[in-house]
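All remarks here apply to the structure that follows.
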Amino acid sequence: MITLYTFATPNGHKASVLLEELGLTYKVHKIDVVAGENRHPDYLAVSPIGKVPAVVEDLPAGKKRRLFGSGAILLHYAERTGRLLPDGVDDRAEAMSWFQLGISDLGPTAVDMFRFSVRAPEKIPYAIDLFKGELVRCYTAMEARLAEVEYLAGTYSIADIACYPFIAVAGLANPGLLERYPNMKRWHDAIAERPAVKRGMAVPDY
Ligand SMILES: N[C@@H](CCC(=O)N[C@@H](CS)C(=O)NCC(=O)O)C(=O)O
């Protein structure tokens, strides 16, 4: 059995969308990061950095396998199932590049933008402008790519799952944003309609 430790956040949703897309059976253990449950020693044994998502999988003979971080979870299950990643060195290289844009650029930049523009007690224009500019770089790159192909890696893959939840939340928080990026909007709307994505984006259901 797979246990997904998660909360209703874009990084958590990457993992639940993936598990739904792959049709894997899993149970959900909600970790309330607002209440600080992610810093409890029991959870730090699962995710040493104390962030969601993480996964623990029961193996034969009482063994367990843990994975923490959305990137590790997406890659692990895509590789193990042989799904949601294109075949062929060139196509896979392109997929990895967009996957990493989601994991290393879009996600952390969006989180920092939220911290500095919403959470910070003192608003620092330099930081807000910096992260806004970095987000625009991500959106501009995705828009140009999606003007050429249907999905980031050509076919639907973990590259899309690595990016979609942060684009979805940005669209909700900034009405009119997606209209400025019509190809990204077309991509977003197509992914939003996927039944597995709808289920994954509703986890945890509290
Ligand atoms: N690199 C990690 C980042 C995970 C992350 O930042 N998770 C956030 C929720 S979206 C979190 O757990 N925040 C709690 C905290 O930072 O204390 C990933 O891709 O999963």
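The values are calculated or read from the model by the stated rules, or taken from the named source; none is laboratory data. Predicted model only: the values in this text are computed from it and were never measured. Here the Cβ positions follow ideal geometry from the backbone for every residue, glycine too, while neighbour counts run over all protein chains shown. Ligands, DNA and RNA are excluded from the accessible area calculation, which covers all protein heavy atoms including side chains. Shrake-Rupley method; radii C 1.70, N 1.55, O 1.52, S 1.80 Å.
Both the radius of gyration and Dmax for the range 2-82 are 12.1, 37 Å, in that order, over alpha-carbon atoms.
Rolling a 1.4 Å probe over the protein heavy atoms leaves Thr9 with an accessible area of roughly 30 Å².
Give the carbon-plus-sulfur fraction of the accessible surface of the chain in %, rounded to a whole number; probe 1.4 Å, heavy atoms of protein chains only.
Details: 5940 of 10600 Å².
Exposed carbon and sulfur together represent 56 percent of the surface.
Please name whichever of Trp98, Leu177, Tyr77 sits farthest to the positive end of the charge dipole of the chain, dipole taken about the Cα centre and charges placed at Cβ: Lys and Arg +1, Asp and Glu -1. So the residue furthest toward the plus end is Tyr77.
Dipole size of the chain about its Cα centre, with +1 on Lys/Arg Cβ and -1 on Asp/Glu Cβ: approximately 560 debye, rounded to the nearest 20.
Solvent-accessible area per residue in the range 89-194 equals 52 Å², computed with a 1.4 angstrom probe and all protein chains kept. Only Cα pairs under 8 Å and 6+ residues apart enter the sum, and on that basis the relative contact order of the chain stands at 27 percent.
Just the accessible area per residue of the range 2-82, please: how many Å² with a 1.4 Å probe?
Details: 3880 Å² over 81 residues.
It amounts to 48 Å² per residue over the range 2-82.
Once the range 58-168 is represented by equal point scatterers at the alpha-carbon sites, with solvent omitted, what log10 I(q)/I(0) does the Debye formula produce at q = 0.10, 0.15, 0.18, 0.24 Å⁻¹? Log-scaled intensity ratios, in q order: -0.38, -0.72, -0.91, -1.27. As a length-normalised measure over Cα pairs under 8 Å and 6 or more apart, the relative contact order of the range 102-177 settles at 33 percent. Beyond 16 Å, the tail of the calculated P(r) for the range 1-47 holds 39 percent of the Cα pairs. Positive end of the dipole of the range 118-206 (Cβ unit charges, origin at the Cα centre): among Ala141, Ile124, Tyr164, the Cα lying farthest that way belongs to Ile124.
Shown here for the range 123-201: trypsin sites (Lys or Arg not before Pro) in loop regions (DSSP other than H, G, I, E, B) with at most 15 other Cβ atoms within 10 Å, namely Lys123.
Each of Met96, Met113, Met184, Met1 has its accessible area taken with a 1.4 Å probe; listed largest first, they run Met1, Met96, Met113, Met184. Considering only GluC sites (Glu not before Pro) in DSSP loops that have at most 15 other Cβ atoms within 10 Å, the longest stretch of the chain without any of them is 1-121. Length, then width, then depth: along the principal axes, the Cα atoms of the chain run 53, 47, 29 Å.
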